[in-house]
Amino acid sequence: MDARDPRIVRRSGLRPVLALLLVTVIWGWTFVWMKRGVLASQRVLGADGTSVAAGVALFMTLRFALAAGVLVFWPGARRGVGGAWRGGLVLGGLLFAGFVLQMLGLEGVSPPVSAFLTSLYVVFTALLTALAGGGRPGVLLGLGVVLATLGAGFIGGPPHLTFGWAEWLTVGCAIVFALHILATDVVTRSIPPMPVTLTSFCWVAGLSALFLVAICLAGSHTPGELARLALDPQFAWPMLASSILATVLALSLMNLYQRELDPVRAAILYAIEPVWASVISIAGGLSRPDFWLFAGGGALLAGNVLAELGPLLASRRRLRGAFRPAPGSPAGSASGGGALEAAAGWARLVDPPRAPEGAGRRSMEPTTSQIDQLYAELRQVYDPEIPVNIVDLGLIYDVQVEGSTCNVTMTLTSQACPEARTIPDVVRRRCNGVPGIDSTEVKIVWEPAWTPQRISEEGRKTLGIGEESED
């Protein structure tokens, strides 16, 4: 296990949120690129269903084959690729199935209906997470799911639903995309994300090529016709843009950063894609702004705000149960204290402060620069919405190094802490990044139990905690 060990998830901060937002922007452009590719395919091959399928299969084959050819030059993608083929098959197979179902469904439904039905993957992600034992989403997260789904579905106007085979295929596409989001969360936590990204590209390209060969063997189109389409500039340029940006960049970011967020939260973020697609269409003169654009976009924004508020309020309740703020302190002020605490938390997520040397309770004093580096890295680890790092919060009990292995003994604020799985994973990521450390073992202990007395002086200043709160 090295510094690129994927068993590291959900880093405290805004980086994964911003990375996935960039993914949605790129995917918004993909709508335009795919549309141009389909139009070129219809012009060269014909507008019947088989010709459209052949054009889409060729588009996907070239898009993912080129993406794999580009990514193979990234050293981090080649390292460990031998053990990533199974995980790549899972992700690549789901991507391929989702694209095929969406393509077939579009033959019989309008774009607004397709957008609404596809956006149901937000709901399916939440339901599948609950069925898999991930727990029932909180009230605010549940409202966020509903608003994001409605916003994505109605942003292009009210869909008119009459369920037939095309509608059911599109619902199947939404289920597959939800499975892909959950599979990404699982696979990239056990397999290095870049090798699995490379192998998933290879699998999608291979499956698309087999699909294309089947169409050719049926006698629908000759290899010469497909070659002429591939060389057509109006087909080739959109395919290149989709390959480099929407595949290499967007899917790499997805595999790298989605594991740092809850799958349902990630699905709600992805639901913003129709907003960018609409904005790009308006900017390109393909559509005009109307009431539904603003109503759908507003619902998507509200859904994401509610999804962010859920874990924030949960963390505040955990803190309130652990100690009470000192009278007169900023965090304990009756007017505006909650807003100040939340603002301080988000500010430190964006720019985490380094606590002064000696802050935090250590069970052993560092004797080497390596130990100092390890504690410096641990000071960058936060419970997602608590504005104090885990060293100053008093969660780190012991740090030792044996050869190239780091052993961290720590606790959590309570045995019911919702971050009981994710914080240790981030600790591994940080410690594995220290030179000379190849693996990190994290041991969670409950004796001695964590109490507010373990918070450092710097942490107390941040939270506005007085000495009487220790009683």
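Values quoted throughout were computed directly from the atomic coordinates according to the rules given, and no laboratory measurement underlies them. These numbers come from a predicted model, not from an experiment. Glycine also receives a Cβ, built like all others from the backbone with ideal geometry; neighbour counts cover every protein chain displayed.
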Original post:
Modelled label-to-label distance, SER414 and GLN400, 7 Å Cα→beta-carbon offset: nm?
Top reply: 3.2 nm
**OP:** Would you please give the residues with an amide H less than 5 Å from that of THR440, counting only those at least 5 places away or on a separate chain, with H modeled from the backbone geometry?
**Re:** CYS406
Original post:
Given a Förster radius of 45 Å and the C-beta distance between ILE244 and VAL139 as r, what FRET efficiency does 1/(1 + (r/R0)^6) yield to the nearest 0.05?
Top reply: 0.65
**OP:** At 0.36 nm per residue, minus the direct Cα-Cα distance, what do VAL72 and LYS443 gain on full extension? Give it in nm, one decimal, please.
**Re:** 129.9 nm
Original post:
Using a basic spin-label model with each label point 7 Å from the Cα along Cα→Cβ, how many nm lie between PHE294 and ILE282?
Top reply: 0.9 nm
Subject >> Förster radius 25 Å - calculated FRET efficiency between TRP165 and ARG43, Cβ distance, rounded to 0.05 >> reply: 0.35
Original post:
Which percent of the Cα-Cα distances in the range 178-236 go past 20 Å?
Top reply: 49 percent
